[in-house]
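> Can you keep this structure in mind? I'll have questions shortly.
The values are calculated or read from the model by the stated rules, or taken from the named source; none is laboratory data. Computed from a prediction, not measured in an experiment: that's the story for all the values here. Counting neighbours? That spans all protein chains shown, and the Cβs are built from the backbone with ideal geometry, glycine included. Areas reflect the complete protein model, heavy atoms only, side chains present, ligands, DNA and RNA absent. Shrake-Rupley method; radii C 1.70, N 1.55, O 1.52, S 1.80 Å.
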Amino acid sequence: MSKIGVFVCHCGENISATVDCAKVAETAGTYDGVAFSVDYKYMCSDPGQNIIKNAIKEKGLTGVVVASCSPRMHEPTFRKACAEAGLNPFMCEMANLREHCSWVHEKNEATTEKAIDLVRILVEKVKYNHSLNEIKVPVTKTALVIGGGIAGIQASLDIANTGHKVILIERDPSIGGHMSQLSETFPTLDCSQCILTPRMVEVAQHPNITLYTYAELESLEGFIGNFKAKIRRKSKSIDEKLCTGCGQCTTKCPVKKIPSEFNEGLGKRTAIYVPFPQAVPNKPVIDRGNCTYYIKGKCKVCEIVCPTGAIRFDQEDQIMEVEVGAIVVATGFTVKQPDFFPEYGYGKYADVITGLQFERLASASGPTLGEIRRPSDGKIPEKIVFLACAGSRDPAKGIPYCSKICCMYIAKHAMLYQHKVHGGKSYVFYMDIRAGGKQYEEFVRRAIEDDGVNYIRGRVSKIYEKNGKLIVSGADTLLNAMPVEIEADMVVLATAGVANEGAEELAQKMHISYDPYKFFAEAHPKLKPVETNTAGIFLAGACQAPRDIPESVAMASGAAVKVAGLFSQDELTREPIIAVVNRQAPPVYSSCVGCFLCVSACPYQAIEKEEIKNRNGEVIKLVAKVNPGLCQGCGTCVAFCRTKSIDIQGYTHEQMYTEVMALLNEY
Amino acid sequence: MVDLIKRAKELLESSAVKVVIGYEQGTGNKTRALFVEKTEDADKLIFDSRCIQNLAAYVTKKEVKEKGKMAIAATLPVMRSIIQLASEFQVNDNNLLVLGITPESNLIEFANLVEVETFVHQYQIEIDARNKEMLDKLAKMTSAERWKFWVDELAPCFKCYACRAACPMCYCSRCTVDFNQPQWIPVPSTELGNLEWHIMRAMHLTGRCIDCDACYNACPLSIPINLLTKRMLVDAKEHFGNYQPSLKGDNLMSTYKPDDKENFIQ
């Protein structure tokens, strides 16, 4: 016979304002098997928990129902209290009287009736509860960091410095990401590469970091602490061990007119190339799509000039399997290209460029060696116009959000232009200046007041070419929408920051969620900004939303500390709420018929085939088996099993049926 | 069917198989399943248009399986069932040889199930015109009318489970209705219980039923329960793509494909 204790909480006034808690407790006390029933103002408080503990000890309770808030809030609290009093914590159930009843209904009898129903369901369920034990799973103390931009670099270094191994993969030939493309950084105008390259070198030299560039995630299996990742190491067509990075091949390569990705198409590169001089690793790769040998079958100039014989034309992609315990996703973002904007010329005007292209023009390592020159004819522009919010904050373009970094980098661009082109005139069209951040507002004021950048509040409706000039036509909304037309030599569009190509596919590979704009979704917008909904996978940088450098770095360090926290334990404890395939006495062994539809239905690849053998080792029956380490207790297999051979511990068929019947039957 | 008899004899004589499953003359104008274990019994084998029972229902039966390797005279629906059963790991090349009978009534032997699959995939599963008309009629009803239609149709069902016994896909050693802790589906034949049983049956056959009508043919009351599975066939096609039994294990209902339409979620 069950001896169940029912503990009804008032939650201050949260429940008792609309539910008659005393009546709930009194009614529950009359049910079969209920040995103790009481209501109290704050069940989660110390005295409240003591009521539960004392009742368990004094009445010898076999089950506990706490009727209070959502189990998400206090289930651990009450389970712990039960455990401390000597009752298996999984003999404790919670009836959610707050979110499911008092908060959503008005004060009347029906509300109290519903509360009573909710308690009765759980009283009946708890009669069928069994003691369960927590599951321990080991932790692989190696982290996988995906993406070698500043966020990935920072996360890798931080994790590596705590003494744990890190595998950093980067899809491009070099780490560095967008930050390596930038000229100067706001709000201090220090050179981006000067502060970044030491970090890149540190990554390459760190004993705890294994760096794979030109590599992508192929597939991911497993769960927190125990992931198995397949990494595709794309063929670089060189033997990295032999290559010294001397650069002979890149100077002699006859294919020299490929638009350089690093220079945003403003410079050219060869088919065998190092993306930029400070690249890490500083070893070339062959771009097979553009290499004459791969297209026409002959050339091999690089092989001839290579002093160490490091060229490998027949090298194939390698798939590597690694075991990791945690993953930091830092895959970054990209920007919209001018061809996204019909009103700004569909990208057909060479002198309408993106902010990222301007960075390359302003950069000392860029195609113009830091001089601001127009891409079309190389002239120094005398009038330059910057357009903020090109695409951003424009629901009509499908990008209603603010790209966040543009206000600041446009102020920086205008400032750099004024510093480099004396006597030049610069204009900024803006919607609002969003300069929230330490020294950010001061920075923008400096651009306006000290450097004389003309800020015009308004949007640009059209850009067109006339007599070799770009006519920027917009409105000044501070002057009653007075039309403004500027004859510019060059226009810079602060195009919207958007999710990387392939972000959706990557998210699906990792089973993490993403928002409508394909940015990866954090677990909680305020309290869990670096976690994803998949345990063990964390986010850093602009793959989650547009982020500037300080934010990306802070996020990366945040993710790193989450990883380090995870790695500080040798074992993880998991709730035993998992699926189990039944076993029965011979000759049946299990009611499972081995159709294995559950195997394909399981979203976590947690179900495997198990051979039941006789004493001679002969297979008698093939049945399904759930791996307790992988199972997340979602119940998909339970719903799928026609023979009802699978049960979720803590939510068995019997318990579910009892709950339904408790509601249907009259008391 | 001379070819079939000859082939059955050869297979039994050479001990390539232990039992050949086919049809024989039954009582009245009916045919019934025949399990040929001795060469001389092979002469009883017949095949004609009356042979519509789905013999695949026997290949998962313990009593038949125990005899050793089976050969089965298989019409197109039977072959479809066998492929579905193979994808559910119930039969394989080691325990089953398929003696196919083409829609033109020719004997065609397959070396393995892959060949059977290739043959089966030449034909799409099509719902016949009469049943299609019936489905359309049901679809046009209001939900209240449809509910009444099914309550009335299913009311006489006394749960003899002939439909279950005739269905090759109902091979579970423990059917949901036999699961009694708890008893989700009530045992007695009641209005609601009958509905529950037939709806459950249709759900469990979704993405697996190859539309052979064995359930309807077996029903002593001729209740059109095959309309339920046919409806599921149509719905499954609409939401998850065309259904063909396949050895690839890409079960329609348990697998996710990026091109699943999933219109019902939006």
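> Yes or no: region B:27-46 includes at least one residue that is open to solvent by less than 20 Å² (accessible area, probe 1.4 Å), outside the structural domain of B:A218 (by TED's automatic domain parsing), touching a residue at least 40 places away in the same chain (Cβ under 8 Å) and part of a helix (DSSP H, G or I).
No, every residue in region B:27-46 fails to be open to solvent by less than 20 Å² (accessible area, probe 1.4 Å), outside the structural domain of B:A218 (by TED's automatic domain parsing), touching a residue at least 40 places away in the same chain (Cβ under 8 Å) and part of a helix (DSSP H, G or I).
> Now for a separate question. Residue check: is A:A17 among the small types (G, A, S) and farther than 22 Å from A:M73 by Cα?
no
> While we're looking at this one, here's another question. With the requirement that a residue be closer than 19 Å to A:A494 by Cα, without any contact (Cβ under 8 Å) to a residue 40 or more places away in the chain and either open to solvent by 40 Å² or more (accessible area, probe 1.4 Å) or of a type in the set (D, E) (or both), what does region A:449-476 give you?
Within region A:449-476, the subset closer than 19 Å to A:A494 by Cα is A:453-464, A:470-476.
Pick out the ones that are also without any contact (Cβ under 8 Å) to a residue 40 or more places away in the chain and you get A:454-458, A:471, A:473, A:475-476.
Correct list: A:N454, A:Y455, A:R457, A:D476.
> Follow-up question, since we're still on this one. Would you mind telling me which numbered condition in (1) open to solvent by less than 20 Å² (accessible area, probe 1.4 Å); (2) away from every other protein chain (no Cβ under 14 Å); (3) at pLDDT below 95 A:I486 fails?
The one condition A:I486 does not meet is (3).
> Same structure again: Mind checking which residues of region A:584-616 are within 22 Å of B:C175 (Cβ to Cβ), more than 8 Å from chain B (Cβ to nearest Cβ) and open to solvent by less than 30 Å² (accessible area, probe 1.4 Å)?
Those that are within 22 Å of B:C175 (Cβ to Cβ), more than 8 Å from chain B (Cβ to nearest Cβ) and open to solvent by less than 30 Å² (accessible area, probe 1.4 Å): A:S590, A:C592, A:I607, A:I612.
> While we're on this one: Which of the residues spanning region A:617-654 are within 12 Å of chain B (Cβ to nearest Cβ), of a type in the set (A, V, I, L, M, F, W, C) and open to solvent by 40 Å² or more (accessible area, probe 1.4 Å)?
A:L622, A:A639, A:F640
> Any residue in region A:425-442 that is in contact (Cβ under 8 Å) with a residue 40 or more places away in the chain and part of a helix (DSSP H, G or I)?
yes
> Okay, moving on. For region A:156-167, indicate whether the set of residues that are out of contact with any His (no Cβ under 9 Å at 6 or more places or on another chain), in contact (Cβ under 8 Å) with a residue 60 or more places away in the chain, surrounded by fewer than 19 Cβ atoms within 10 Å (Cβ to Cβ) and over 23 Å from A:L369 (Cα atoms) is non-empty. Before you say what the answer is, go through the steps one by one.
We begin by selecting, within region A:156-167, every residue out of contact with any His (no Cβ under 9 Å at 6 or more places or on another chain); these are A:158-159, A:162-165, A:167.
Those left that are additionally in contact (Cβ under 8 Å) with a residue 60 or more places away in the chain: A:158-159, A:162, A:164, A:167.
Retained after the next criterion (residues that are surrounded by fewer than 19 Cβ atoms within 10 Å (Cβ to Cβ)): A:162.
If we keep only those that are over 23 Å from A:L369 (Cα atoms) as well, we get A:162.
Yes, there is a match, as at least one residue in region A:156-167 is out of contact with any His (no Cβ under 9 Å at 6 or more places or on another chain), in contact (Cβ under 8 Å) with a residue 60 or more places away in the chain, surrounded by fewer than 19 Cβ atoms within 10 Å (Cβ to Cβ) and over 23 Å from A:L369 (Cα atoms).
> Examine region A:285-300 for a residue that is in contact with a helix residue (DSSP H, G or I) (Cβ under 8 Å, 6 or more places away or on another chain), in the same structural domain as A:Y409 (by TED's automatic domain parsing) and open to solvent by less than 10 Å² (accessible area, probe 1.4 Å), and state whether such a residue exists.
The answer is no; no qualifying residue exists.
> For region B:150-165, check the following and say yes or no: at least one residue is in a helix (DSSP H, G or I), of a type in the set (F, W, Y), farther than 20 Å from B:T60 by Cα and open to solvent by 70 Å² or more (accessible area, probe 1.4 Å). Don't jump to the end; show me each part of the working.
To start, the set of residues in region B:150-165 that are in a helix (DSSP H, G or I) comprises B:150-154, B:162-165.
Applying the additional criterion that residues be of a type in the set (F, W, Y) yields B:150.
Checking which are farther than 20 Å from B:T60 by Cα leaves us with B:150.
So of that shortlist, the ones also open to solvent by 70 Å² or more (accessible area, probe 1.4 Å) come out as none.
No, there is no match, as no residue in region B:150-165 is in a helix (DSSP H, G or I), of a type in the set (F, W, Y), farther than 20 Å from B:T60 by Cα and open to solvent by 70 Å² or more (accessible area, probe 1.4 Å).
> Still on this structure, please answer the following. Within region A:174-211, which residues are surrounded by fewer than 23 Cβ atoms within 10 Å (Cβ to Cβ) and more than 30 Å from A:A411 (Cα to Cα)?
A:V201, A:E202, A:A204, A:Q205, A:H206, A:P207, A:N208, A:I209, A:T210, A:L211
> OK, next. Tell me which helices (runs of 4 or more DSSP H) are completely within region B:172-262 and hold 3 or more residues being at negative phi and either at pLDDT below 90 or within 14 Å of chain A (Cβ to nearest Cβ) (or both), or say none if there are none.
B:191-205, B:226-240
> Taking region A:62-78 as the search range and keeping residues that are out of contact with any helix residue (DSSP H, G or I) (no Cβ under 6 Å at 6 or more places or on another chain) and of a type in the set (A, V, I, L, M, F, W, C), which one is least open to solvent (accessible area, probe 1.4 Å)?
A:F78
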